[in-house]
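What follows is a set of notes on a single structure, which appears directly below.
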Amino acid sequence: MLSDVLLVSAPGKVILHGEHAVVHGKVALAVALNLRTFLQLQPHSSGKVSLNLPNIGIKRAWDVARLQLLDMSFLEQGDPTVPILEKLEKLKEVADFPEDCTDHERLAVLAFLYLYLCICRKQRWTAEDLELINKWAFQGEKVIHGNPSGVDNAVSTWGGALRYQQGKISSLKRPPALKILLINTKVPRSTKALVLNVRNRLLKFPKIVAPLLTSINAISLECERVLEEMATAVPAPEHYLALEELIDMNQHHLNALGVGHTSLDQLCQVTMAHGLHSKLTGAGGGGCGITLLRPDLTGPEVEAVKQALTGCGFDCWETSIGAPGVSVHTAASLDAPVWQALDGLCAGQWASSS
Ligand code: PMV
């Protein structure tokens with residue numbers, strides 16, 4: 001039973017290198033950002049469980065007594081943690097979506113309801129709990145993306161900088177605190193569709209696309225080597241030059257995979273006009289890009305590029321890599337259930353009648 005407000009957070013993340021290739025068993029380098037999503041969990045006596053995701057304009061509430069009366073045995077079918085299609089179809093009836101609900105909103109609500117209804121064990125924050133949080137966050141990713149690699153939930157759970165390949169995670173020791181710009185083009189895209197397009201292109205042109213994926217793998221490994229060298233020696237201009245070249249090569253490969261977008265081309269051109277190198281991060285097709293900020297840049301130089309980007313209609317954040325993973329900020333009760341797993345999914349707050 002929760003007795004107090006619980007505030008938790010998890011970092012946003014970017015993939016430095018390896019997006020899409022990671023879905024095909026290659027290496028990805030992912031880092032946690034000093035930009036966090038906060039989740040507030042608050043008990044109340046309304047008899048309702050309410051979900052409030054202000055960033056995406058979602059406010060929903062369900063009657064707890066009604067939820068308890070419904071037959072939820074379908075959630076136990078097969079592996080109880082895996083959100084297979086049949087379970088999600090039945091869950092849509094429980095969610096009771098209004099007609100004007102967008103797909104984006106439906107998926108966010110569905111991920112919440114799925115995890116809310118499935119997670120019931122009480123846990124502490126041990127290494128095992130983090131595994132559990134990561135596992136549940138992965139299931140939430142499955143609801144939204146279909147066939148995720150697992151890199152996103154892993155880096156938001158453990159934070160820092162991770163090398164990820166086929167579920168095997170290793171942390172980079174002492175990653176340099178690189179500064180980057182995270183830029184949102186605000187062009188909506190479906191990760192699921194983009195991942196599928198890459199798969200189809202790989203099936204259609206295996207001799208062309210497989211070497212691209214192998215080359216992206218080599219870029220991730222080279223980036224890891226440079227970052228480790230930067231951690232052990234004093235970072236030198238050559239290190240940044242190498243990182244910039246890797247960014248450019250990967251961006252071209254991602255375009256060749258078909259996940260570029262005119263907004264991302266514009267982003268790269270605008271930053272290049274200021275001598276800075278950028279690539280898309282994540283699924284592409286719009287979405288977000290990252291720009292490496294070399295340490296020699298002055299404040300006014302950074303401001304100028306930020307202004308140029310916002311002038312294109314993009315949102316822009318200056319941040320650094322290697323932030324801590326999922327964290328509790330107000331530990332009302334260490335016996336609290338692992339609702340924290342939702343943190344990586346829900347940019348907002350929700351209240352539960354517990
Ligand atoms: O767009 P995002 O931030 O969800 O990242 C997707 C990354 C992919 O490699 C394209 C897919 C995945 O599951 O790893």
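The values are calculated or read from the model by the stated rules, or taken from the named source; none is laboratory data. The structure displayed is predicted, hence computed values, not measured ones. So basically every Cβ, Gly included, is an ideal-geometry build from the backbone, and we count neighbours across all protein chains shown. These area figures cover heavy atoms from the full protein model, side chains too; ligands, DNA and RNA do not enter into them. Shrake-Rupley method; radii C 1.70, N 1.55, O 1.52, S 1.80 Å.
Calculate what fraction, in whole %, of the accessible area of the chain sits on carbon and sulfur atoms when a 1.4 Å probe is rolled over the protein chains.
55 percent
Report the calculated FRET efficiency for residue 296 and residue 215 (r = Cβ-Cβ distance, R0 = 35 Å), to the nearest 0.05.
So the FRET efficiency works out to roughly 0.75.
Which of these, 327, 45, 156, has the largest mean-square fluctuation under a Gaussian network model of the chain (Cα springs below 10 Å)?
Among 327, 45, 156, the largest mean-square fluctuation in the Gaussian network model of the chain belongs to 45.
Near residue 50, within a Cβ-to-Cβ distance under 10 Å, what is the net charge of the other residues, with Lys and Arg +1 and Asp and Glu -1?
+3
Taking the chain as a Gaussian network, Cα atoms linked when under 10 Å apart, which of 141, 99, 86 shows the biggest mean-square fluctuation?
Fluctuation is largest for 99.
Give the accessible surface of region 37-175 per residue, rounded to a whole number of Å², with probe radius 1.4 Å and ligands, DNA and RNA excluded.
54 Å²
Which value, in Å², gives the accessible area per residue of region 239-288 when a 1.4 Å probe is used on the protein heavy atoms?
Value returned for region 239-288: 35 Å² of accessible area per residue.
Find how much the distance from residue 196 to residue 244 grows on full extension, using 0.36 nm per residue of separation minus their present alpha carbon separation; answer in nm with one decimal.
Between residue 196 and residue 244, full extension yields 14.4 nm more.
Specify whether the C-alpha gyration tensor of the chain places it in the rounded, prolate or oblate class, a ≥ b ≥ c being the square roots of the eigenvalues: rounded for a/c under 1.5, otherwise prolate if a/b is larger than b/c and oblate if not.
Details: a/c = 1.81, a/b = 1.60, b/c = 1.13.
In terms of gyration-tensor shape, prolate.
Short version: ³J(HN,Hα) in whole Hz for each residue of region 144-156, in order, from phi by Karplus 6.51 cos²θ - 1.76 cosθ + 1.60 (θ = phi - 60°), x for Gly and Pro, what are they?
8, 9, x, 10, x, 6, x, 6, 5, 5, 5, 6, 6
Residue by residue through region 213-219, which ³J(HN,Hα) values in whole Hz follow from phi under the Karplus form 6.51 cos²θ - 1.76 cosθ + 1.60 (θ = phi - 60°), with glycine and proline marked x?
Using θ = phi - 60°, the values come out as 5, 5, 5, 4, 4, 5, 5 Hz.
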